[in-house]
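The values are calculated or read from the model by the stated rules, or taken from the named source; none is laboratory data. The model shown is predicted, which means the values in this text are computed figures rather than measured ones. Using ideal geometry, Cβ is built from the backbone for each residue, glycine included, and neighbour counts are taken over all protein chains shown.
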Amino acid sequence: MKKVRKIYVKRNYREKKPPLVFTFVRNTCSCMLKNISVYATPKIHLADLIVNNNKTEELYNIHLHGTPTDTINYEVAMAALLDLIDDQANYVDDIADGDLATIILSGFDNTSSDYNYHKSDEVYSNSARREIKVVLTATEHATGYVWQYHDMVSKEDNMWILADCTRKAFYTYKGLTSNTLCAFRHAAIVDNTMTEFSNPVEMVIT
């Protein structure tokens, strides 16, 4: 498996469509707030990022059916929002210093996602109402696992949500929405690099 000298935060949020940018920012802020002990002194206040994200989303919705001035106001706000995200990405890069787990917990994407996935046996089952339990055969030399899910309401590939990072080769997704189709995938962390994600498995939540 190839290695890189250092893992960085991807700036691919600049390539997303506006609605996906807003969702990405909300998910990133949520991840960092859940792990506040790791991200205790951000370069910018997460509250500022949340407020700017909400305001830009409001201006985006206005400009869709508004005047040329409304469009200019939205474009200015989006440029400022992307600059804030860049500042936050730079901050995560600084404190992570190439550590994959720190970047993953921040909610940002990372540059290690192109590694080949070493497929292992996997078992998906309904462990309880609104829960899905995943049990894998441990990947050789793996030091951790990354778990993601997709509620399939949106067919956009970029809507994958980080559920957790664990050291063990099993995980239970909890609090899922009943009677919806969800997809699940995972990757292993080997030698401080992350494998490619597994092929998604779709299940109806009961």
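What the table shows:
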{"quantity": "Count of residues meeting criterion [within 21 Å of residue 24 (Cβ to Cβ), among the charged types (D, E, K, R) and without any contact (Cβ under 8 Å) to a residue 40 or more places away in the chain] in the range 59-93", "calculated": "2"}
{"quantity": "Among residues of the range 7-29, those that are over 14 Å from residue 109 (Cα atoms) and at pLDDT below 85, counted", "calculated": "0"}
{"quantity": "Matching residues, the range 152-184, being at pLDDT 80 or above and of a type in the set (D, E, K, R)", "calculated": "164, 167, 168, 174"}
{"quantity": "Where a residue in the range 11-30 is touching a residue at least 24 places away in the same chain (Cβ under 8 Å) and its partner, wherever it lies, is surrounded by fewer than 14 Cβ atoms within 10 Å (Cβ to Cβ) and of a type in the set (A, V, I, L, M), with Cβ under 9 Å and at least six apart", "calculated": "29/47"}
{"quantity": "One residue from 7, 95, 62 being in a helix (DSSP H, G or I) and under 30 Å from residue 140 (Cα atoms)", "calculated": "95"}
{"quantity": "Only listed residue being in contact with a Ser or Thr (Cβ under 7 Å, 6 or more places away or on another chain) and part of a helix (DSSP H, G or I), chosen from 49, 33, 81", "calculated": "81"}
